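The values are calculated or read from the model by the stated rules, or taken from the named source; none is laboratory data. A quick note: this is a predicted structure, and the numbers were derived from the prediction, not measured. All Cβ positions, glycine included, derive from the backbone under ideal geometry; neighbour counts span all protein chains shown.
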Amino acid sequence: MRKLYNEDSFLFEFEAVVTGCSYHDKKKLYEISLNQTAFFPEGGGQPSDLGYLYPENQEALIVLDVQEKENQVIHYLEKPIPVDEKLIGKIDSCRRLDFMQQHTGEHILSGLVNKHFGADNVGFHLGLSEVTLDFNKPLELSSLRQLEMLANQAIWQDIPIQAEFPKEEVLVNLDYRSKLELTEDIRIVTIPGFDTCACCAPHLKSTGQVGLLKITNVQAHRGGVRVNILCGRRALEDYTKKQDNIFSISASLSSKQDETAYAVSRLKEETLQIKEENNILQTKLLLEIAKTLPSPEASCHALLIIPPMNDIAIRNMINELTLQYSGYVAVFWGDDVNGYRYLIGSKNRDCREIGTLLKEKFNAKGGGKAPMIQGTAVTTGETLKEIWISL
């Protein structure tokens, strides 16, 4: 079989003859082999090409998947095509170009990482929305940003890309990355000055066709680092989406676009200050409400049923009241329709015991330790008062 994608990565339409047709029981699809094809089969971390086959005197048939089996490229279709049938194949050129932009960009960055830090690319995944590169050494974001700039300089130089099958005597003396264990049919993709790597996938004809390379995320991974990149159209779409977000944020904060991080930080500090002040005010309010409780001399337990309030303020009040009451101090906040959240504390008793009682009475949810428990309960204020009276 002649693999046309190795000869011209921009060949999106071709003529061919069917050389085999069989049914795959597990996939419930027909396997079609041709005398030649421009469809790249899944491999090297890259999904397969998709597109159509146009047999003579038949409607177009969708190519749903392409795989390589025993050096034959297999096209998977829902309908059969007779052997010896002539046809025209058309691949999805937008998908192919997108994949080539991502894959060529990956080669440029991986070559730079290997050259400058001696790290190998030990994992590559080209998905429909993201591209991940796994390197076997930890790398700092600042270092990767420098390599990102070098990668884009390589793109701007529009360097011609070479893809060939070197003769054995040439290959022996060639220093290249990846798939070093292979011994035959080794295809070498060379970006002069930046990378030389064994690769089976179609690539662009020059680095300028990558358009743009952007690192979008970096995280520690298995003793090394996982890097997410976007190239070409994907990078532009990502930039546009993020810029639209910055437009919206800067407008909301009445700040310049390049000062939104500072504006958000300032807003966060102001919000924290307001929360702290609110906690203090709500604690004071709750302590005022607590003055309506029976005195510690009249009852060892205290129960407050209130509208929704700040959790921290409620906890602060319970800490205050447990110094006064020898039994359980409980606050339930919510309403009879939607249920209540609760916090119960005690200096002298095990709050888990009353937690068990609440679960038995109305299937309350929650838990905690002896000094304090919390949870939720669907009940009524009157029922809660009856329980506290009976303690």
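Numbers for the structure displayed
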read-out: Residue within the stretch 94-111 that is assigned to a strand (DSSP E or B) and buried (at least 17 other Cβ atoms within 10 Å of the Cβ) present; value: no
read-out: Single match in I249, I215 (criterion: among the aliphatic types (A, V, I, L, M), in the same structural domain as E148 (by TED's automatic domain parsing) and surrounded by 11 or more Cβ atoms within 10 Å (Cβ to Cβ)); value: I215
read-out: Unmet criterion (only one of (1) buried (at least 16 other Cβ atoms within 10 Å of the Cβ); (2) modelled with pLDDT under 95; (3) not aliphatic (A, V, I, L, M)) for R234; value: (2)
read-out: Pick from the stretch 223-247, criterion over 20 Å from T104 (Cβ atoms) and without any contact (Cβ under 8 Å) to a residue 60 or more places away in the chain, ranking: farthest from the chain's Cα centre (by Cα); value: F247
read-out: Residue match in the stretch 363-371 (condition: surrounded by 15 or more Cβ atoms within 10 Å (Cβ to Cβ), within 26 Å of E276 (Cβ to Cβ) and without any contact (Cβ under 8 Å) to a residue 60 or more places away in the chain); value: yes
read-out: Lone qualifier among L287, L323, L281 - being assigned to a loop (DSSP other than H, G, I, E, B), aliphatic (A, V, I, L, M) and surrounded by fewer than 18 Cβ atoms within 10 Å (Cβ to Cβ); value: L323
read-out: Any hit, the stretch 258-270, residues being hydroxyl-bearing (S, T, Y), within 25 Å of E148 (Cβ to Cβ) and surrounded by 14 or more Cβ atoms within 10 Å (Cβ to Cβ); value: yes
read-out: Selection from the stretch 56-84 of residues that are crowded, with 19+ Cβ neighbours inside 10 Å and more than 30 Å from E130 (Cα to Cα); value: I81
